[in-house]
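Have a look at the structure below, then the notes.
The values are calculated or read from the model by the stated rules, or taken from the named source; none is laboratory data. Everything numeric in this text was worked out from a predicted model, so none of it was measured. Cβ sites come from the backbone with ideal geometry, for glycine too, and all protein chains shown count toward neighbours.
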Amino acid sequence: MRKIKILSMLAKRGETFTFDEAYKITHLNKSYLKKLLYRLEKDGVIERISKGKYLIVPLHGEKGKYTLHEFIIGSLLIKPYAISYWSALNYYGFTEQIPLTVFLQTTSWKKKQEIEVFGVKYKIVRIKNEKFFGITKAWIENNQINITDREKTIIDCFDKPKYCGGIREVIKALKNRERINLNKLSKYAIKIGNSGVIRRLGFLSDFLGIKIDLPKIKTRNYLLLDPTMPKKGKKNAKWRLIINISEAALRQIE
């Protein structure tokens, strides 16, 4: 089967394809197909994204210089997945900070949790099945990708602040309260099953004057408001938090 014919068949399915998809389309011997894909890669018409996953380089593109949006590449690295944490915060315009890493949330196990593809770093964060919810679809360059919705993005960042640049970035999202469904935010905070999420959300909602329905904290231990910051600050008895960011600093966050 001629290379141009195979490439044409693959291109009809989209800009990316897997080895298994190529096998089903071409019905070629797997050993021969591997050699053929290797030649196509050498010719510069396809690029290998990761094991068994390829990108078709368009006619106007140049091998080594052309790539898809990083969210589309990320969608191919693991299943199931959702663009999340700092990447989702930036997508929704909740932060002006552009993360140098694309964050992916999954319930699957992957040996390498940090991957670099075409010069872009990807961080794969494995979570429990019960925490994998609040996922919606978004269109990126004519491709649909999975991304946590606004409310789940905020809750995830309270759950694991280290993956969003710290609590300061989440505060920026809360200050866009008109773009957030507070009822959904409350339900998600309870559903994720981490009292730290409720405590951080509760304290900051009080601080910002946001009315939200949250359960009372019954535990006696204290957590840090921001685990990425030094372990010192005043204690807040209502939410059982150590407020390790000054109120003056909190007010200055835009």
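How many residues, within the range 16-27, are within 15 Å of Ile4 (Cα to Cα) and not hydroxyl-bearing (Ser, Thr, Tyr)? Steps first, please.
Going through the range 16-27, the residues within 15 Å of Ile4 (Cα to Cα) turn out to be 22, 25-26.
If we keep only those that are not hydroxyl-bearing (Ser, Thr, Tyr) as well, we get 22, 25.
Total satisfying the criteria: 2.
Pairs under 9 Å by beta carbon, first residue touching a residue at least 40 places away in the same chain (Cβ under 8 Å) and assigned by TED's automatic domain parsing to the domain that holds Val45 in the range 16-29, partner in a helix (DSSP H, G or I) and among the small types (Gly, Ala, Ser), six or more apart or different chains?
As it stands, the answer is Thr16/Ser75, since those pairs meet every condition given.
Before we move on, is Leu36 over 33 Å from the mean Cα position of the chain (by Cα), closer than 27 Å to Glu116 by Cα and modelled with pLDDT of 80 or more?
Details: over 33 Å from the mean Cα position of the chain (by Cα): yes; closer than 27 Å to Glu116 by Cα: yes; modelled with pLDDT of 80 or more: yes.
When the stated conditions are applied, Leu36 passes them.
What do you reckon, is Phe94 in contact (Cβ under 8 Å) with a residue 12 or more places away in the chain, closer than 19 Å to Glu151 by Cα and in the same structural domain as Ile135 (by TED's automatic domain parsing)?
Yes: the conditions hold for Phe94.
So, of the residues in the range 221-254 that are farther than 17 Å from Phe158 by Cβ and among the basic types (Lys, Arg), which turns out to be modelled with the lowest pLDDT?
Taking the candidates together, the pick is Arg251.
Check the range 195-204 and report whether any residue there is over 23 Å from Phe132 (Cα atoms) and surrounded by 13 or more Cβ atoms within 10 Å (Cβ to Cβ). I'd like the intermediate steps shown before the answer.
If we filter the range 195-204 for residues that are over 23 Å from Phe132 (Cα atoms), which is where we start, we get 203-204.
Then drop every residue that is not surrounded by 13 or more Cβ atoms within 10 Å (Cβ to Cβ), which leaves 203-204.
So far as the range 195-204 goes, yes, one or more of its residues are over 23 Å from Phe132 (Cα atoms) and surrounded by 13 or more Cβ atoms within 10 Å (Cβ to Cβ).
Any idea which of (1) surrounded by 14 or more Cβ atoms within 10 Å (Cβ to Cβ); (2) among the polar types (S, T, N, Q); (3) over 21 Å from Glu21 (Cβ atoms) is the one Asn146 doesn't satisfy?
For Asn146, the failing item is (3).
Among the listed residues Phe158, Phe118, identify the single one that is touching a residue at least 12 places away in the same chain (Cβ under 8 Å), more than 24 Å from Leu224 (Cα to Cα) and out of contact with any strand residue (DSSP E or B) (no Cβ under 7 Å at 6 or more places or on another chain). Outline the logic, then answer.
Details: Phe158 fails: more than 24 Å from Leu224 (Cα to Cα).
That would be Phe118, the only listed residue that is touching a residue at least 12 places away in the same chain (Cβ under 8 Å), more than 24 Å from Leu224 (Cα to Cα) and out of contact with any strand residue (DSSP E or B) (no Cβ under 7 Å at 6 or more places or on another chain).
Among the residues of the range 216-226, is there at least one that is within 24 Å of Glu96 (Cβ to Cβ) and without any contact (Cβ under 8 Å) to a residue 60 or more places away in the chain?
Here is the first cut: in the range 216-226, the ones within 24 Å of Glu96 (Cβ to Cβ) are 225-226.
Filter again for without any contact (Cβ under 8 Å) to a residue 60 or more places away in the chain, leaving 225.
Checked the range 216-226: at least one residue is within 24 Å of Glu96 (Cβ to Cβ) and without any contact (Cβ under 8 Å) to a residue 60 or more places away in the chain.
Identify all residues within the range 224-233 that are over 25 Å from the mean Cα position of the chain (by Cα) and surrounded by 11 or more Cβ atoms within 10 Å (Cβ to Cβ); write none if there are none.
Across the range 224-233, the qualifying residue is only Gly233.
Would the range 52-61 turn up any residue that is of a type outside the set (Phe, Trp, Tyr), farther than 29 Å from Ile147 by Cα and not in a loop (DSSP other than H, G, I, E, B)?
Filtering the range 52-61 down to residues of a type outside the set (Phe, Trp, Tyr) leaves 52-53, 55-61.
Next, from what is left, pick out any that are farther than 29 Å from Ile147 by Cα: 59-60.
Filter once more, so that each one left must be not in a loop (DSSP other than H, G, I, E, B): none.
No: zero hits.
Looking at this structure, is Val120 surrounded by fewer than 21 Cβ atoms within 10 Å (Cβ to Cβ) and farther than 17 Å from Gly166 by Cα? Steps first, please.
Working: surrounded by fewer than 21 Cβ atoms within 10 Å (Cβ to Cβ): yes; farther than 17 Å from Gly166 by Cα: yes.
For Val120, the condition - surrounded by fewer than 21 Cβ atoms within 10 Å (Cβ to Cβ) and farther than 17 Å from Gly166 by Cα - is met.
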